[in-house]
Each structure stands twice: as structure tokens, then as C-alpha cells.
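Comments concern the structure below.
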Amino acid sequence: MRATGLVRKIDNLGRIGIPKEIRTSNDYKTQDQIEIFVDKGMVVIQKYYPACTLCGTKEENQDKTVEFAGKTVCKICASELTAN
């Protein structure tokens with residue numbers, strides 16, 4: 001983890017703004033889903049990638065997942081489902 005030297009205040013609604021430099025370097029776009037968790041006292045954010053409901057694989061490339069019966073499924077599992 002590298003220090004950025006950027007400091008932000010939490011507003012009265014508990015929000016912080018992610019600086020543009022960080023959004024750009026991490027390819028965060030408006031409306032992207034992110035997940036937030038705490039690790040050893042640090043708040044960590046990262047892009048959220050839904051896992052396949054069947055095999056649990058997380059696909060960073062959203063083109064590799066499909067919605068199948070209302071669930072996120074990787075294309076490998078989807079092809080196995082449609083083949084049977």
C-alpha cells in the first residue's frame with residue numbers, strides 16, 4: 001500500500017469523496033459498485049465483482065458473467081446448464 005498524501009474529511013452524513021487521481025488510477029467510474037471492508041483497523045475499498053452463484057468464481061470482466069434465472073452465473077456454468 002502506498003501513501004498518497006491526500007486527506008479528506010468525513011461529512012455530516014458519513015461520506016468521503018474519493019479523489020479523482022485515485023478514481024482514475026483504479027478505473028473507478030460513476031455508478032461502479034464497490035465493496036467496503038475493514039482489515040486490521042483500515043477501511044479498504046475495492047471494485048465489486050459478483051461471484052458466480054454456482055461455482056463461486058469472481059469475474060473482473062463483466063462480459064464473462066450472465067444473469068440466469070435471476071442469479072449471476074459465469075459463462076462456463078451457464079453453458080453447462082443449457083447443455084443439460
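The values are calculated or read from the model by the stated rules, or taken from the named source; none is laboratory data. Since this is a predicted model, take the numbers as computed values, not measurements. Note: ideal-geometry Cβ built from the backbone for every residue, glycine included; neighbour counts use all protein chains shown.
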_the range 41-84, residues that are touching a Cys at 6+ places or on another chain (Cβ under 7 Å) and not charged (D, E, K, R)_ = 52, 54, 55, 57, 65, 72, 73, 74, 77
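Test of understanding: among 65, 72, 4, 82, which residue is at negative phi, among the polar types (S, T, N, Q), over 15 Å from the mean Cα position of the chain (by Cα) and surrounded by 10 or more Cβ atoms within 10 Å (Cβ to Cβ)?
Values: 65 fails: over 15 Å from the mean Cα position of the chain (by Cα); 72 fails: over 15 Å from the mean Cα position of the chain (by Cα); 82 fails: surrounded by 10 or more Cβ atoms within 10 Å (Cβ to Cβ).
One residue alone meets the criteria, 4.
Looking only at strands (runs of 3 or more DSSP E) that lie completely in the range 22-84, which have at least 1 residues being in the same structural domain as residue 5 (by TED's automatic domain parsing) and at pLDDT 85 or above? Before the answer, list the steps.
Working: elements: 34-39, 42-47, 65-68, 71-74.
In the range 22-84, 34-39, 42-47 are the strands (runs of 3 or more DSSP E) which contain 1 or more residues that are in the same structural domain as residue 5 (by TED's automatic domain parsing) and at pLDDT 85 or above.
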*Can you tell me which residues in the range 22-55 are over 30 Å from residue 68 (Cα atoms) and either of a type outside the set (D, E, K, R) or more than 18 Å from the chain's Cα centre (by Cα) (or both)?*
22, 24, 25, 38, 40, 41, 42, 43, 44
